[in-house]
Each structure stands twice: as structure tokens, then as C-alpha cells.
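Let me begin by presenting the structure, written as C-alpha cells, before commenting on it.
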Amino acid sequence: MPTTVKGIHHVTALARDPQENVDFYSGVLGLRLVKKTVNFDAPDVYHLYYGNEVGQPGTILTFFPFPDAGRGKRGAGEISAVSFLAPSLSLEFWAVHLSKQGVRFDGPVTRFGEQLVSFEDPEGMRIEMVFADGKDSGESSWDGGAVPRDSAIRRIRGVTLMLRDRGRTEEVLTGTLGFRAAGREGDHFRFNVGEGGAECAIDILTSAGSPRAGQSAGSVHHIAWRTPTGKEQLEWRQKIQEAGLFVTDVLDRNYFQSIYFREPGEVLFEIATDPPGFTVDELPAELGTHLKLPPWLEPERTRIERALPPVRVADTRSGQ
Ligand code: ZN
């Protein structure tokens, strides 16, 4: 049986306008759009994947932009913030860059010994930028975008869960998924997973009286943890069942295989395989430039393309 998940695979969120989403995550935050596909369960809606140069697990943030979606309502049982990791020396760059782009940020503040700033994306999703170095775990940041390589986002550092109660969630994190309790600072209870400088953190905040979150644009939908193989994923499935949680069958997401379960605080967790990755249907140099469909949706391509609004990645190459 596996003892610990290997860190974050990806985070998926809900949005409204696909072009606004691309303009912010590619044009302002400098991530690479590594895959333009559709929501496999609702193919009239995009599924946009952002990441580093090749979209390595751990760097991936994805969105379902539903053009008619209203704003999500903040509350308990959801991920209330997503943290990126950027080099410690890039704080000044980001402060200037965000200001220039009209993004108002809070901070810097220090949490668990690291400086961070926080801001909202165009839909109100809370983003934190943590400035720390750690050992590079091989991520190659993307310098074809709005941010020069030496300041570029390295990967997703972690998420914050907003829960009514943290007891049973902590049990699943430490007892089932292999997280290590890393103490408390203020209201934040931290749990780490991953090794070799690729450490990921979950912070838990609690608010017993909070209403339940209502998910819509600006809400994080789920977080996926990494597993290296399909074989280990099946072992995870068994282990999660043995912990008394309902877990889905293995689903084919074309770029990875997935299982999903709700942790006791009602946040949706996924365990996703590293292979095959985003170069399975597009050359590394062309990632994100074509509308890619899984084989079972190819017969519907004409109809799907007609229903989707066009999106364009602006040429915001750093220095221009
Ligand atoms: Zn996912």
C-alpha cells in the first residue's frame, strides 16, 4: 500500500469568461496555456490548463469557464486560496508587475517564515504568491509569457481549506494520505506532503458558524494529488475505501487517470496519475495552441468548435 501522495498534481477552479481567464493567468501571471480542451462531462465548455513549460504535475492550474456562471459564494467546505511558489528574490518584481497590471494585492506578510502577497483573480478567487526558494524539483518555468524566467511562478505551493471543523479532515490527511502536521501559526494549521524541496502545504482554517460555500465562478472546484502509476492509484482507491470514504471508479481524463472522493470536510479531492501528461496529443512547442478533444469526442468536433467562443493567447512576451 502507498503511504504518502507525492504532492499536488493540479488544482481545478470555476470561472466565467474564458478570454478574461487566459488574459489573467497567461497575460498577467505568466503561466503557459498548456492545453485547450473541453469539459469532458459538458463539452460545450472549455477546460483550460495552465502550467510550466511542459505542464508538469505540480504546476497545473485548470479552469472550467462557464460563460453564464454567477459569482461563487465563499463559505465552509471549500478551498479558499491557492498558493503559487515564486523565487524569493522576485518579490519586488511581482509587487511592481501586479501594480502595473492593475492587480491590487495585500502584503507582503510573513507566514511560517515565508513572505507572501495575496490578491484576487478577475472572478474573486484568492491567490497567494509565496516567495521562497526550496530546492528546485526540476520544474522548468515558462519564459515565453508575461514574466521573465527568473521571476516566473515555479509551481503550486499549496491550498487553504476553509472548514467548519478540522478533526476528521486532519485524520484523513495524516492517517490516510501521508501528510505531516507542521504546526500552527495564527489561525492556520499546516500539513505538508512531498519531499526534496517539492513540499506542498495544506493550511486549514476553521469557521464553525460559516455557511456552506456555493460553488460557481471564482470557486476552486477540487485539488488533485499525484500518484506515479495506475497500479498505485488502485491501491489508493482501496485505502480510501478502507478509510470509510466513497471513492469513484478510475476515470480517463486523457492526460491522466483520476479517482475522486470528498474528504470529511466536504472538499473534493482527486488522485491523478503522472502519466501520460500533456504531450500525449500535442508537441511540446505547440502545447495549448490547438483545441484538443479526447478520441470519444472527436466525432463531435464541428459542433463543439461552433459552440465555443474563440480564445486567444496575447503575445505578452516579457520585455515587450
Ligand atoms: Zn482534476
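Among the numbered criteria (1) more than 16 Å from the ligand (Cβ to nearest atom); (2) touching a Gly at 6+ places or on another chain (Cβ under 7 Å); (3) open to solvent by less than 40 Å² (accessible area, probe 1.4 Å), which single criterion is violated by Glu232?
(2)
Please determine, by comparing only the residues of region 1-47 that are open to solvent by 10 Å² or more (accessible area, probe 1.4 Å), among the aliphatic types (A, V, I, L, M) and within 16 Å of the ligand (Cβ to nearest atom), which one is nearest to Val103 (Cα to Cα).
In this case the residue turns out to be Leu14.
Right, Ala146: out of contact with any strand residue (DSSP E or B) (no Cβ under 8 Å at 6 or more places or on another chain) and at pLDDT below 95 or not?
It is true that Ala146 is out of contact with any strand residue (DSSP E or B) (no Cβ under 8 Å at 6 or more places or on another chain) and at pLDDT below 95.
Which numbered condition trips up Glu195, out of (1) farther than 12 Å from Ile271 by Cα; (2) open to solvent by less than 30 Å² (accessible area, probe 1.4 Å)?
Of (1) farther than 12 Å from Ile271 by Cα; (2) open to solvent by less than 30 Å² (accessible area, probe 1.4 Å), only one is false for Glu195: (2).
With (1) among the acidic types (Asp, Glu); (2) over 30 Å from Gly77 (Cα atoms); (3) in contact (Cβ under 8 Å) with a residue 40 or more places away in the chain as the list, and Asp281 as the residue in question, which single condition is left unmet?
(3) is the only condition that Asp281 fails.
Condition first: assigned to a helix (DSSP H, G or I) and crowded, with 17+ Cβ neighbours inside 10 Å. Now tell me which residues in region 94-114 satisfy that.
Trp94, His97, Leu98
Within region 203-229, which residues are more than 16 Å from the ligand (Cβ to nearest atom), closer than 20 Å to Phe191 by Cα and crowded, with 20+ Cβ neighbours inside 10 Å?
Scanning region 203-229 gives Asp203, Ile204.
Could you go through region 274-294 and let me know if any residue there is more than 13 Å from the ligand (Cβ to nearest atom), open to solvent by 70 Å² or more (accessible area, probe 1.4 Å), basic (Lys, Arg) and modelled with pLDDT of 95 or more.
Looking for residues that are more than 13 Å from the ligand (Cβ to nearest atom), open to solvent by 70 Å² or more (accessible area, probe 1.4 Å), basic (Lys, Arg) and modelled with pLDDT of 95 or more, one finds none in region 274-294, hence no.
The values are calculated or read from the model by the stated rules, or taken from the named source; none is laboratory data. Because the structure is predicted, anything quoted here is derived from the model rather than measured. Methodologically, a virtual Cβ is constructed for each residue, glycine included, from the backbone with ideal geometry; neighbour enumeration extends over all protein chains shown. Side chains are part of the model used for accessible areas, which takes the heavy atoms of the whole protein and leaves out ligands, DNA and RNA. Shrake-Rupley method; radii C 1.70, N 1.55, O 1.52, S 1.80 Å.
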